[in-house]
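Colleague: What follows is a structure written as structure tokens; I'll ask about it next.
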Amino acid sequence: MDHAMDVLCGRVVPVKLGIIGVVNRSQQDINEQQDISEALKDEGAFLQKKYPAIANRNGTPYLARTLNRLLMHHIRDCLPELKTRVNVMASQFQSLLNSFGEPVDDKAQALLQVITKFAAAYCSTIEGTSRDIETTELCGGARICNIFHETFGKTLETLDPLGGLSMLDILTAIRNATGPRPALFIPEISFELLVKRQIRRLEEPCLRCVELAHEEMQRIIQHCGTQQEMMRFPKLHEKIVDVVTSMLRRRLPITNQMVENLVAIELAYINTKHPDFHEASYITKSVMDNDVIDQRK
């Protein structure tokens, strides 16, 4: 009994809020369907008989009052912070709700407006008239312009017209074009073969330029997706991005084919009447005149 008193007083196991002893109904009391009020009376009588000194600080009623007091103190301490959090969250969600605009009555009209604004934003980003202009990097039409004039232009400038063409290749082409007879003049067919070989080297950088422009046009799609309407209708935004991306992807092979056709057009006919060939014709004429003079001598 003394050990139980020490436990209830907290001398055996010290705890912060103390130990409150209660007397529960036994299995026999439950089987006999003893009433709760009678169980509380029996509990009070037991505590008064066995532990009169601490009876007022034990039992189910005292436990209920203690727990209620602790709960009220906890609510009083946490309520201001909880109220502040609720107000902040309510303000945030109200702002988000206001950003969505008015309820949509005509869905077809709203759909048309969203698509029209997306198309206008896409075009303005390419033309450089967008209100949200990037200041940290090139984008949109400026980036495409840079690809054509800087990246592609510098690539063409670095291409050596005579790159991969040795003197042995030139002599071999001339000899192959003349067959078993020694060449008195340079055969035109050998010139065309060598020129076409060099022209084909332009095809790869041209296709790379198309690829870079396509990638930038794909980036513009994401840049135009930050509009308020797109944030309001995320599924519609996702569908628009899929449709535009798919359309650009379908046009890429056609564009590549066009570039290949342009190169093929240049390969189909070598215009020797071009002004760039005038100097070569003068040199050839001078050589022929010198040969005639040598023969007369």
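Colleague: Please determine whether any residue of the range 231-253 is out of contact with any Ser or Thr (no Cβ under 9 Å at 6 or more places or on another chain), of a type in the set (Phe, Trp, Tyr) and either open to solvent by less than 80 Å² (accessible area, probe 1.4 Å) or not in a helix (DSSP H, G or I) (or both).
Modeller: Looking for residues that are out of contact with any Ser or Thr (no Cβ under 9 Å at 6 or more places or on another chain), of a type in the set (Phe, Trp, Tyr) and either open to solvent by less than 80 Å² (accessible area, probe 1.4 Å) or not in a helix (DSSP H, G or I) (or both), one finds at least one in the range 231-253, hence yes.
Colleague: Only residues in the range 142-160 that are outside any helix (DSSP H, G or I) count as the first member; pair them with residues that are not charged (D, E, K, R), Cβ under 9 angstrom, at least 6 apart or cross-chain, and list the lot.
Modeller: 159/198; 159/202; 159/205
Colleague: Hey, any hits in the range 102-112 for a residue that's at negative phi, in a helix (DSSP H, G or I) and touching a helix residue (DSSP H, G or I) at 6+ places or on another chain (Cβ under 8 Å)?
Modeller: yes
Colleague: So if I check each of 270, 170, which one is in contact with an Asp or Glu (Cβ under 6 Å, 6 or more places away or on another chain), modelled with pLDDT under 80 and not charged (D, E, K, R)?
Modeller: 270
Yes/no matrix, rows are residues, columns are (1) open to solvent by less than 80 Å² (accessible area, probe 1.4 Å); (2) of a type in the set (Gly, Ala, Ser):
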position: 100; (1), (2): yes, no
position: 118; (1), (2): yes, no
position: 129; (1), (2): no, no
position: 140; (1), (2): yes, yes
position: 146; (1), (2): yes, no
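Colleague: Just wondering, is there one or more residues in the range 159-174 that are open to solvent by 100 Å² or more (accessible area, probe 1.4 Å) and within 24 Å of residue 204 (Cβ to Cβ)?
Modeller: yes
The values are calculated or read from the model by the stated rules, or taken from the named source; none is laboratory data. Nothing here was measured: the structure is a model prediction, and the numbers come from that model. For neighbour counting, all protein chains shown are included, and Cβ atoms are generated from backbone atoms with ideal geometry for every residue, glycine included. To get the accessible areas, we keep the full protein, side chains included, count just its heavy atoms, and leave off ligands, DNA and RNA. Shrake-Rupley method; radii C 1.70, N 1.55, O 1.52, S 1.80 Å.
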